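S.K.: Shown below is the structure under consideration.
Each reported figure results from applying straightforward, stated rules to the coordinates on display, with no laboratory input. Everything numeric in this text was worked out from a predicted model, so none of it was measured. Cβ sites come from the backbone with ideal geometry, for glycine too, and all protein chains shown count toward neighbours.
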Amino acid sequence: MELINHFIVPGIIGGIFLFGVLRGVNTFDAFLEGAREGLSTAVSITPALICLLTAVAMFKASGALDVLSWGLSPLARAVGLPQEVIPLALLRPISGSGAMVLFNDLLAVYGPDSFIGRVASVMEGSTETTFYTIAVYYGATHVTKTRHTLPSALSADLAGIIMSGIAVRLFLGGM
């Protein structure tokens with residue numbers, strides 16, 4: 001079985017190449033065109049990504065994340081979330097890598113089988129890096145009017161955050 005795993009990705013790539021050749025597609029030209037489009041997309045979304053990453057770094061470095069976490073702790077307790085996961089809940093919609101650092105810290109300190117570790121795990125799996133996703137996809141497609149995208153996506157994130165504590169308590173036992 002392990003030997004098969006080593007050949008899955010090369011097999012898929014080879015299969016796509018073979019399919020193109022059998023269909024009469026000039027696969028080298030198609031590859032070059034796809035690479036050209038990929039590079040132009042990367043160039044077009046770079047400013048939005050730099051802006052987003054700079055804002056996240058400033059947010060964390062300024063101490064605003066800590067102040068906001070402290071201010072939201074009574075609300076978090078009311079909905080059954082441990083105070084320790086509030087920074088993760090705040091950072092997850094903004095930065096996947098920043099949230100992953102906080103998540104790893106929570107697991108290292110409290111353990112993956114603790115209530116905090118379980119809530120953080122469910123939260124990581126049930127929320128999205130909303131602002132990053134919107135910046136990348138709308139930046140690539142040059143969409144400027146997001147209309148209902150941001151409120152809808154943030155509502156889904158909020159539901160995932162709140163339900164992470166409830167689901168862990170219901171299915172895996174409470175604090």
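S.K.: Can you give the longest run of the chain that contains no trypsin sites (Lys or Arg not before Pro) sitting in a DSSP loop with at most 14 other Cβ atoms inside 10 Å?
M.R.: 24-144
S.K.: Distance from the Cα centre of the stretch 138-175 to that of the stretch 45-61, in angstrom?
M.R.: Measuring centre to centre over Cα atoms gives 21 Å.
S.K.: Give me the number: length gained by fully extending D29 to A140, i.e. 0.36 nm times residue separation minus the C-alpha to C-alpha distance, one decimal in nm.
M.R.: 37.7 nm
S.K.: Set the Förster distance to 35 Å, then compute FRET efficiency between A64 and I12 from the Cβ-Cβ distance, nearest 0.05.
M.R.: Here the calculated transfer efficiency is 0.20.
S.K.: Evaluate E = 1/(1 + (r/R0)^6) for C51 and E2, where r is the Cβ-Cβ distance and R0 equals 41 Å; express this FRET efficiency to the nearest 0.05.
M.R.: After rounding, the FRET efficiency stands at 0.40.
S.K.: Report the Stokes-Einstein translational diffusion coefficient (µm² s⁻¹, integer) for the chain, Rh taken as the Kirkwood radius over Cα pairs, at 10 °C with viscosity 1.306 mPa s. It would help to have the intermediate numbers written out before the result.
M.R.: Numbers: Rh = 19.2 Å.
Answer from the Stokes-Einstein relation: 83 µm²/s.
S.K.: Same structure, new question: Could you run the Karplus curve 6.51 cos²θ - 1.76 cosθ + 1.60 with θ = phi - 60° over the stretch 105-119 and give me ³J(HN,Hα) per residue in whole Hz, x for Gly and Pro?
M.R.: With the stated coefficients, the stretch 105-119 comes to 5, 4, 5, 5, 7, 9, x, x, 9, 7, 4, 5, x, 5, 4 Hz.
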